[in-house]
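The values are calculated or read from the model by the stated rules, or taken from the named source; none is laboratory data. Quick caveat, the model's predicted, so the values are computed rather than measured. As a convention, Cβ positions derive from the backbone with ideal geometry for all residues, glycine included, and neighbour counts pool all protein chains shown.
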Amino acid sequence: MYTALHLQRKLRSGEAEVIVVTPDPYMTYQPFLPEAAAGSISPRHVVVPLRRVLDKCKIVIGEAKSIDHAKRTATVTTLATEEEGTGGMEITYDELVLAPGSVSRTLPIPGLADYAIGFKTVEEAIGLRNHVIEQMDIASATRDPAVRDAALTFVFVGGGYAGVEALGELEDMARYAARYYHNVKPQDMKWILVEATGRILPEVGEEMGKYAIRELRSRNIDVRLETRLDSCADRVAVLSDGSRFPTRTVVWTAGVKPHPVLAASDLPLNGRGRLTATAKLTIEGTEHAWTAGDAAAVPDLTADEKDKECAPNAQHAVRQAKVLAENVLASLRGEPLKNYEHKYAGSVASLGLHKGVAHVYGRKLKGYPAWLMHRTYHLSRVPTFNRKARVLAEWTLAGLFKREIVSLGSLEHPRAEFELAAGGEPPKNK
Ligand SMILES: Cc1cc2nc3c(=O)[nH]c(=O)nc-3n(C[C@H](O)[C@H](O)[C@H](O)COP(=O)(O)OP(=O)(O)OC[C@H]3O[C@@H](n4cnc5c(N)ncnc54)[C@H](O)[C@@H]3O)c2cc1C
């Protein structure tokens, strides 16, 4: 989206046409997903409508399934091609920008595919929010202690910012919501963070990572380092330290891997499956092919070690997108290309409302100041003035009124009630 936005602004009339192929008609600002899960930002405001923002581009809602760069062709499936039963349509191009991001990196753990949920999309974030509140409703209504215990046990796997922020925000929301339940107390809930290495939040540095562990543990969150999830079959989370937790909630945020469409192309990949990129954001050894973001192994020119790649994060992705667009324009106009060079500025993470941790430009912050910095930083980064204003308005309203604690889980099955009325089967319990 950032590349297309920049191109649309800078292209001269008639110079080129930009086609954006995207499965969803919106761009997701992923760093706001934990706040969306907590109900601090409504789901519509963490996404940016592409048709409105990219009004000079042609938007194709579909998914690139394969790319034959030698023939300058992408095969794209759309809802229409599915309806028609064709295998997809071919889009030919002169220049290719391939930036499909990453997908969750999973492991063959028993039960994972059946019971776990990821945390990369707005649907997952809102689904998880509804699910957590629903578990509190189940716990409040059941007379079976085993059902209650499983409902109130929440296991998060992966201590990077996605896992820690999602857990921090959801625990905070559930703790607040508990005041409206006569028989669910915050201390009845078990929140568990499972991390395979000896630290969490490597992005904020060792000291701040240790602070984050202390802060989470002070809220009774069970942080287990050097521990792995071995199984979650039959809704029992079995950890490598031998402990077993019956649970209805396993959130998997243990890293990302490049999008599978990259392997369905004739473009060069490195050992980790990322596109081999040059510092100019071209794809190595090819012409007229460009890449950026999580999918691209872009050399980090600021690193002391040779061969270091830019880490997969938004900080690099949005900056690369701008340089990429400028380089595409320069190449169209026969001008020299620029190198992408950005020294990692550090990171900010929210651990719940008014709680955070930050290590940015050498400055370490914790608690409220870090949380404020997290909000200010991301507000400055979320694209378009329109989104900024909406998010700010929501935060302001949330400061004036009580938190919203309603679960709209039935939105996921909108026809269920009608089907029942029409004599169908009731939906199976999730
Ligand atoms: C919960 C969470 C919190 C995060 N917090 C931070 C943070 O605080 N700071 C930070 O720097 N980073 C953060 N990140 C990481 C950051 O969001 C990603 O690094 C960044 O979004 C990568 O940008 P991208 O453009 O490469 O990929 P994406 O943002 O994933 O965009 C890729 C797009 O390509 C589309 N696509 C995929 N496949 C196809 C296909 N076959 N055809 C067409 N389109 C396709 C996808 O639908 C998507 O819209 C966070 C991530 C998560 C999940």
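Some notes on this structure:
- Among the residues making up the stretch 336-385, those that are more than 14 Å from the ligand (Cβ to nearest atom) and within 20 Å of the chain's Cα centre (by Cα) are 352, 353, 384.
- Selection of the stretch 2-28 for residues being farther than 25 Å from residue 88 by Cα, surrounded by fewer than 16 Cβ atoms within 10 Å (Cβ to Cβ) and within 11 Å of the ligand (Cβ to nearest atom) yields an empty set.
- Checking each residue in the stretch 127-157 for being basic (Lys, Arg) and part of a helix (DSSP H, G or I) picks out 129, 148.
- Considering the stretch 225-274, and only residues there that are of a type in the set (Lys, Arg) and crowded, with 18+ Cβ neighbours inside 10 Å, the residue that is farthest from the ligand (Cβ to nearest atom) turns out to be 248.
- Subset of the stretch 193-223 (residues that are in contact (Cβ under 8 Å) with a residue 12 or more places away in the chain, surrounded by fewer than 18 Cβ atoms within 10 Å (Cβ to Cβ) and of a type in the set (D, E, K, R)): 199, 207, 219, 222
- Of the strands (runs of 3 or more DSSP E) entirely within the stretch 248-294, those holding at least 3 residues that are touching a Lys or Arg at 6+ places or on another chain (Cβ under 9 Å) and modelled with pLDDT under 95 occupy 256-258.
- Residue in the stretch 335-355 that is surrounded by 14 or more Cβ atoms within 10 Å (Cβ to Cβ), aliphatic (A, V, I, L, M), touching a strand residue (DSSP E or B) at 6+ places or on another chain (Cβ under 6 Å) and part of a helix (DSSP H, G or I) present: no
- Against the numbered list (1) out of contact with any strand residue (DSSP E or B) (no Cβ under 6 Å at 6 or more places or on another chain); (2) touching a residue at least 24 places away in the same chain (Cβ under 8 Å); (3) surrounded by fewer than 21 Cβ atoms within 10 Å (Cβ to Cβ), residue 123 comes up short only at (2).
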